[in-house]
Amino acid sequence: MACTSCSTASGGAPAGCGNKGNCGTDSCNKLTVFDWLSNMSLPNGETPFDCVEIRFKNGRKEFFRNTENLPLSIGDIVATEASPGHDVGIVTLTGELVKIQMKKKGVNHKAGDILKIYRKASQKDIDIWSTARNREEAMKVRAREIAIGLRLEMKISDIEFQGDGSKATFYYTANDRIDFRQLIKEFAREFSTRIEMKQVGFRQEASRLGGIGSCGRELCCSTWLTDFRSVNTSAARYQQLSLNPQKLAGQCGKLKCCLNYELDTYMDALRDFPDPETKLVTEKGIAVCQKQDIFKGLMWFAYTDNFANWHTLKIDQVREIIAENKEKRKVSSLEDYVIEAEVEPRADFNNAMGQESITRFDQPKRKKPGRNRKKKPGERDGEKVAVEGRPQGDRPQGDRRPKPNQPARPQGERRPDRPQGERTGERPQGDRNVKPQGERPQGDRPRGDRPQNQRRRDNRPGNKPGNPNEPKQ
């Protein structure tokens, strides 16, 4: 619901009227009533109805008599009679619809005990009222601490100040009777005001506080539902619902009121169904009902010796079998009446728009280079890098520098195969550039000539190798 002042902001989000629930047309509040007679004038000679509906905090509404004949309209803030002092509220309904509302609530509009309206609220009255309302939240926190300190099994859910700030009403819920005589003394000493305690039920508490239900909408009790009817688990059984307390309970902890909304429709539909306790007698055995589908008109039966295998039957077929059993005749089996299950077509991906695979934009996985492979001096991340002064791949095959102590091998001659197991021994320490010819005892060359694990100078990162054909200086 929204009032006529509510608008839409940029981006489609509701901007709201910004009155924080106190809008002038009273369409953003709880238990709102639409005045469909507001644009209609009374017949000649008719006086307007002298009672007015006024709303206070959290949807509390009461009826007052306009004895001063004030020109009131929806949204006016008025000062009303209270005991003691006066209260401040907002007019929510005027005219002939108030008479209908009083008849619906069981209030006699001719009774003399109806409280009256003093005046329209002045700015001073509104300031006192706003100051008192701002104290309520901090008082509620402190009141709960005091109740816990006194070890009282109660929950203080809301506090409402009177319009003149002379009295505060504490709404609480409890499972048992509470002796709060000491609690009232503590409250009066702490808050320095007149205290009134009022016990409400769990459903009334949810109605006052409001909230969002499991359906995603506002609670029915805080928007339009005023009478709380009893709800029991039989309503869930008739509607074939799972008896799960977490699913069936509302925010008040009781069974959801909406379980009664469609109960009559389900009861009418179940009149066409046979009794679920009826047993079907067949030559193959006795079958009992396991499940019902009220919308499709189907029933599932299973043999007493095989409860795992269910058979689907229509209501007319079940009645036909029951009529045969009443005449002391048995049907052959339930398989003769079983409905063949229709196989629903599987919804696959349809390439109607000529689309490619859904993974066409994915990046191909790159093969990671081997971690254990040693990199050469001119190689980085699996790619060969041209060393300055010596391009890769441009040197002819025959220009290789012959290693010392080893005769040059003619081009094209194949290297002789090395016998298996030759590399099992340790490599001799010393000059690594010279390959040993045959077996060589370890230790012929002193280790002090070159330290172990020392690299060649021409392979160091700081030295740039020159042209191999240039003579050494």
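Mind running the shape call on the stretch 102-180? Use the C-alpha gyration tensor, a ≥ b ≥ c as the square roots of the eigenvalues: rounded below 1.5 for a/c, prolate if a/b tops b/c, oblate otherwise.
Working: a/c = 3.48, a/b = 1.38, b/c = 2.52.
Since a/c reaches 1.5 but b/c is at least a/b, the shape of the stretch 102-180 is classed as oblate.
Determine, from the Cβ-Cβ distance of Ser73 and Val107 and an R0 of 25 Å, the FRET efficiency 1/(1 + (r/R0)^6), rounded to the nearest 0.05.
Working: r = 22 Å, r/R0 = 0.88.
The calculated FRET efficiency here is 0.70.
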For Arg271, the net charge from surrounding residues (Cβ-Cβ under 14 Å; K, R +1; D, E -1) works out to -3
Amide H neighbours of Gly211 at under 5 Å, excluding residues fewer than 5 places away on the same chain, with H built from the backbone geometry, are Leu219
Karplus ³J(HN,Hα) for the stretch 69-86 (6.51 cos²θ - 1.76 cosθ + 1.60, θ = phi - 60°; Hz, whole; x = Gly/Pro) runs 6, 6, x, 9, 9, 5, x, 6, 9, 10, 9, 10, 6, 9, 10, x, x, 9
Sequence order, the stretch 127-142: Karplus ³J(HN,Hα) from phi using 6.51 cos²θ - 1.76 cosθ + 1.60, θ = phi - 60°, Hz rounded, Gly and Pro as x, gives 5, 5, 5, 5, 5, 5, 5, 6, 7, 5, 5, 5, 5, 5, 5, 5
Expected field for Lys314, accessible surface area in Å² at 1.4 Å probe radius, rounded to 10, holds 110 Å²
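Loop only per DSSP, at most 10 neighbouring Cβ atoms within 10 Å: give me the trypsin sites (Lys or Arg not before Pro) in the stretch 110-199, ordered by residue number. Don't jump to the answer; show the numbers that get you there.
Values: sites: Lys110, Lys116, Arg119, Lys120, Lys124, Arg133, Arg135, Lys140, Arg142, Arg144, Arg151, Lys155, Lys167, Arg177, Arg181, Lys185, Arg189, Arg194, Lys198; in loops: Lys110, Arg135, Arg151, Arg177.
Those that pass, being in a loop and sparsely packed, are Lys110, Arg151, Arg177.
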Over 23 Å (Cα to Cα) among Lys256/Lys296; Lys155/Lys198; Lys247/Lys314; Lys116/Lys185 -> Lys256/Lys296; Lys247/Lys314; Lys116/Lys185
Chymotrypsin sites (Phe, Trp or Tyr not before Pro) in the stretch 219-305 lying in a DSSP loop, each with at most 16 other Cβ atoms within 10 Å of its Cβ, come to Trp224, Phe228, Tyr261, Phe295
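Evaluate the Kirkwood expression for the hydrodynamic radius of the stretch 265-322, namely the inverse of the mean inverse distance over all pairs of different C-alpha atoms, and round to one decimal in Å.
Details: mean 1/r = 0.0854 Å⁻¹.
The Cα-based Kirkwood calculation yields 11.7 Å.
Taking the Cα centre of the stretch 144-298 as origin and charging only Cβ (+1 Lys, Arg; -1 Asp, Glu), how large is the dipole, in debye to the nearest 20?
For the stretch 144-298, the charge dipole is close to 320 debye.
Given axes a ≥ b ≥ c from the Cα gyration tensor, I'd like to know whether the stretch 151-239 is rounded (a/c under 1.5), prolate (a/b larger than b/c) or oblate.
Working: a/c = 3.28, a/b = 1.90, b/c = 1.73.
Judged from the Cα gyration tensor, the stretch 151-239 comes out prolate (a/c at least 1.5, a/b above b/c).
The values are calculated or read from the model by the stated rules, or taken from the named source; none is laboratory data. All of these numbers come straight from a predicted model, not from anything done at the bench. Reconstructed Cβ throughout: ideal geometry from the backbone, glycine too, with neighbour counts over all protein chains shown. Surface accessibility is based on the protein's heavy atoms, side chains included, excluding ligands, DNA and RNA. Shrake-Rupley method; radii C 1.70, N 1.55, O 1.52, S 1.80 Å.
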